[in-house]
1. Collect the residues in segment A:30-44 that are touching a residue at least 40 places away in the same chain (Cβ under 8 Å), more than 11 Å from ligand 1 (Cβ to nearest atom) and assigned to a strand (DSSP E or B), keeping them in residue-number order.
2. Based on this model, can you work out whether A:V385 counts as farther than 20 Å from A:I470 by Cβ, more than 16 Å from ligand 1 (Cβ to nearest atom), not in a loop (DSSP other than H, G, I, E, B) and not assigned by TED's automatic domain parsing to the domain that holds A:F322?
3. Is segment A:190-200 home to any residue that is under 16 Å from A:Y94 (Cβ atoms) and out of contact with any Asp or Glu (no Cβ under 6 Å at 6 or more places or on another chain)?
4. Kindly list the number of the only condition in (1) of a type in the set (D, E, K, R); (2) touching a residue at least 24 places away in the same chain (Cβ under 8 Å); (3) more than 10 Å from chain B (Cβ to nearest Cβ) that fails for A:K111.
5. Could you check segment B:118-140 and list, in sequence order, the residues that are open to solvent by less than 80 Å² (accessible area, probe 1.4 Å), among the hydrophobic types (A, V, I, L, M, F, W, C) and touching a residue at least 24 places away in the same chain (Cβ under 8 Å)?
6. For residues in segment A:204-228 being aliphatic (A, V, I, L, M) and either open to solvent by 20 Å² or more (accessible area, probe 1.4 Å) or within 16 Å of ligand 1 (Cβ to nearest atom) (or both), which is modelled with the lowest pLDDT?
7. Here's a check for you: in segment A:81-105, which residue that is more than 9 Å from every other protein chain (Cβ to nearest Cβ) and assigned to a helix (DSSP H, G or I) is modelled with the lowest pLDDT?
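The values are calculated or read from the model by the stated rules, or taken from the named source; none is laboratory data. This one's a predicted model, so the numbers in the text were calculated from it and none came from an experiment. Cβ sites come from the backbone with ideal geometry, for glycine too, and all protein chains shown count toward neighbours. Accessible surface is based on the protein model in full, side chains and every heavy atom, while ligands, DNA and RNA are left aside. Shrake-Rupley method; radii C 1.70, N 1.55, O 1.52, S 1.80 Å.
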Amino acid sequence: MELTTKAIDSLRIEHITKRFPGVLACDDISLDIGKGEVLALVGENGAGKTTLMNVLMGLYHPDEGRILINGEEVNFRSPNDAFAYGIGMVHQQYMLVPNMTVLENIALGFKQAWKPWKLDLNMVRDRIDAVARQYGLAVDPDAFIWQLSVGEQQRVELVKTLCLGARFLILDEPTSALTPQETDDLIALLKRMSGELSIIFISHKLQEVKDLSSKVAILRHGRVVFQGNTIDHSSSDIAALMTGHEVVLPHNDAPACTMGPMLQLRNLKVRSDRGFLALDDLSLYICKGEIVGLAGVSGNGQRELAEAINGLRKVESGQILFDGKDIANCSPVQVIQAGMGYIPEERNTEGIVPSFSMKENFILKDTDSEKYSSHSFLKNKVVDVEAEQLRQQFDIRSPNIEVAAGSLSGGNIQKVILAREISRSPKFLIAVYPTRGLDMGAAEFIHKQLLQKRNEGVGILLISEELEEITNLSDQVAVIFKGKIQKVLPSSEASRRRLGILMAGVKDDEEI
Amino acid sequence: MTFIVNILSLGIPFSVALLIASLGEMFNQRSGIFNLGCEGMMAMGAFLGMLVPYTIGQGADVPGIYNYLGLLLASGVGALLGLFFGLVVVTFRAPQGIAGIGMQMFGVGTAGTLFRHFIGGTQSVPGINTAPIPGLSKIPILGTLFFNHNPMVYVAFLFVPIAWYILFKTPWGLRVRAVGTHPRAADSIGIQVNKVRFQALAVGGALAGLAGAYLSLCQVKMFSDEIIAGRGFIAVALVYFGHWHPVKIMAGALLFALAQALQLAIQGLGIDFPYEFLVMLPYALVIVVLAFSRKSQKTGPSALGKPFNREIRT
Ligand SMILES: Nc1ncnc2c1ncn2[C@@H]1O[C@H](COP(=O)(O)OP(=O)(O)OP(=O)(O)O)[C@@H](O)[C@H]1O
Ligand SMILES: [Mg+2]
């Protein structure tokens, strides 16, 4: 692949239509982007944003329509063709090979370094250095991908795309898994880059759209329903256009719980994958009918905490009292049967079985229950009826309940997990980043559901990085830092500033 | 002492067929294809390898050269069988385990049938003889152990660093590892997943064919229906055993072959002990070591056995 010198002055998408079995993912979409413009592409989960971008990259073949670059029609058969025009994409699900290093991952696309009998890794290294210096994006070329946090992987993806010479960037929900700090950094960087690059930016967070983009296009059910200049519209306008109604995120203002403890963590010690103590003497109490928000920068033990409670990680010492019974080091089945609900962080690997149908994923945890089985046979009628109900209630966009869960859009996969966990009527719910990747309407709905569960007496541990989500929903906010609870405070006292200070590890916040 | 030297110098050549075949299987699996048909490809290689010197090679001026032509033919046909396997499992996305069993039966059956048609009964060939390395082979003990072997033995052990270099230091090796672990990522960066898989299958097939021909030309110096004797399956196991790494695979092949040499030697001692148990020993050893070896998910090709389809998201 040559590093292109030809600039993209204009890119037009004309009447693109793409169908999947039973789904019209893109329906006659036309858009255009000029040089130096940032187009924000927004829309509900399953609206067809990712599909459209995959068509643009040559990964999918459109059933109808064409793409014009500088007025000339192009026909991309593989991403190589798109790269040749300097188009690069950071995918919604990261495209990095976990057991290879950052260097190798970038070398995979950097064809100048492919000498017949030798991979010229030094050349790749130099290229990474150059890009890192130019854009202030530091990455460790020798780290393995599996050692990196999500934020670091995101940076690797960006560096990779830039190393391959991209001057037209497509970013598919680049911020959905980043910490607030990382998000701010990325937006600032993209702003600086937008002078020399064109960018298509997909996001569900309208603040970012407002900050970054010059134009905005809204997709719904595969169609462009609105296009305009970003400055002419407020974010609530855009939200209303997107969802069809005004979005009001609910608040938790019911009186605090009085129903006694549900989950008590006592002096927990748990090791991380790399062997150090990820939870170090952690204690936390959560009552029935109470939401405790766990705030903290990711990587401070949140993941290990959720896994330890659910029997997925060994507890070295300490107790997990669930409704009075110690469930530390119980098997996941025992924890589930005790009444625990779990919305895991990794939706594709831990939350669903991608090749199973949507309805099978709904009943994964209840195949033995009386409701869905009798005498070792599944009651298919009951399963179908329930699944159809859940699909409608949670507004999961799919042609039917038989499609493979893995074929759904990112946000809709998340909805499948949420639907299962919430509808199982657990006694307690551990929700890890529950609204990651959800559109605003869906996030609003999930927040309402969580509050309703709380009012029904379910205790909830809400792990999130979005402080607004935490303060809106929680009765109490616990701040985690380096595997310990820094402080627990009532949500009314949890100001952004105070939480920020606590999350940074400053212990005695009163004195500042 | 001589007992141990005997076992070692017997075990090293025993390991060669396993080593070559499992290095080939390693490339297959690294690219994401599980080839259970290795046994069949080896059988074809074993037959074709000896066919050349047995037919056109007999009475020729330089009979030696036909042995090497046999090795070449065996690898070439092996590569073709690999590509054929690719057509079935890569292009048509057939389940790899089943297709592999089919390939095994096809290879073993065809080789046996052709053998009866062209050769008929048990016939030995002169084959390729030991080539002591001048000077080095005279060193006491070490000379017998390492420098007094068939030329293909040296070649096979040279394949280990070569395979390592190809896998970890060349662009092709990088592509093979990528398509076997995260084909979607490889595709998204412009690598033709199926093409790389076909290439890896051709390499794997060629090595399987060569391994078979080694048996018929260098080790046993004849062909019979049972000549492969499960070595193709052991090769598949050794790839897991060696965590898809050439050096560890070599260690596994040596361990198995030494166990085999040991059991033969013990049988030779004439101790009154049911020999069937001794014959079992190497196989049992592989199972035990596999069961207890550390399972690592971090190195292996995690897309092993899964066909790739760009438009099917899972
Ligand atoms: N490979 C596929 N096979 C079958 N259906 C698909 C495939 N890819 C996408 N779809 C369907 O096409 C529709 C659009 O999906 P797409 O991923 O483009 O949505 P999206 O706008 O990116 O949503 P999100 O915000 O949740 O990421 C969805 O209904 C999805 O189920
Ligand atoms: Mg998407």
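1. Let us first name the residues in segment A:30-44 that are touching a residue at least 40 places away in the same chain (Cβ under 8 Å), namely A:30-31, A:33-44.
Checking which are more than 11 Å from ligand 1 (Cβ to nearest atom) leaves us with A:30-31, A:33-40.
If the condition is that a residue be touching a residue at least 40 places away in the same chain (Cβ under 8 Å), more than 11 Å from ligand 1 (Cβ to nearest atom) and assigned to a strand (DSSP E or B), then A:S30, A:L31, A:I33, A:G34, A:V38, A:L39, A:A40 are the ones that fit.
2. On the way: farther than 20 Å from A:I470 by Cβ: yes; more than 16 Å from ligand 1 (Cβ to nearest atom): yes; not in a loop (DSSP other than H, G, I, E, B): yes; not assigned by TED's automatic domain parsing to the domain that holds A:F322: yes.
In short, yes.
3. First, pick out the residues of segment A:190-200 that are under 16 Å from A:Y94 (Cβ atoms): none.
No: segment A:190-200 contains no residue that is under 16 Å from A:Y94 (Cβ atoms) and out of contact with any Asp or Glu (no Cβ under 6 Å at 6 or more places or on another chain).
4. (3)
5. Filtering segment B:118-140 down to residues open to solvent by less than 80 Å² (accessible area, probe 1.4 Å) leaves B:119-121, B:123, B:125, B:127-128, B:131-133, B:135-137, B:139.
In the following step, the residues that additionally are among the hydrophobic types (A, V, I, L, M, F, W, C) were identified as B:119, B:125, B:128, B:131, B:133, B:136, B:139.
B:I119, B:V125, B:I128, listed by residue number.
6. From segment A:204-228, those aliphatic (A, V, I, L, M) are A:206, A:209, A:212, A:216-219, A:224-225; that's our starting set.
Then keep just the ones that are either open to solvent by 20 Å² or more (accessible area, probe 1.4 Å) or within 16 Å of ligand 1 (Cβ to nearest atom) (or both); that gives A:206, A:209, A:216-219, A:224-225.
Numbers: A:L206: 89, A:V209: 92, A:V216: 94, A:A217: 95, A:I218: 94, A:L219: 93, A:V224: 93, A:V225: 92.
My answer is A:L206.
7. Within segment A:81-105, the subset more than 9 Å from every other protein chain (Cβ to nearest Cβ) is A:84-88, A:90, A:92, A:101-103.
Filter once more, keeping what is assigned to a helix (DSSP H, G or I): A:84, A:102-103.
Working: A:A84: 91, A:V102: 95, A:L103: 95.
Per the criteria, the residue is A:A84.
For (1) touching a strand residue (DSSP E or B) at 6+ places or on another chain (Cβ under 7 Å); (2) open to solvent by 40 Å² or more (accessible area, probe 1.4 Å), each residue gets a yes or a no:
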residue	(1), (2)
A:I187	no, no
A:E196	no, yes
A:I199	yes, no
A:I202	yes, no
A:T230	yes, no
A:H245	no, yes
A:V248	no, yes
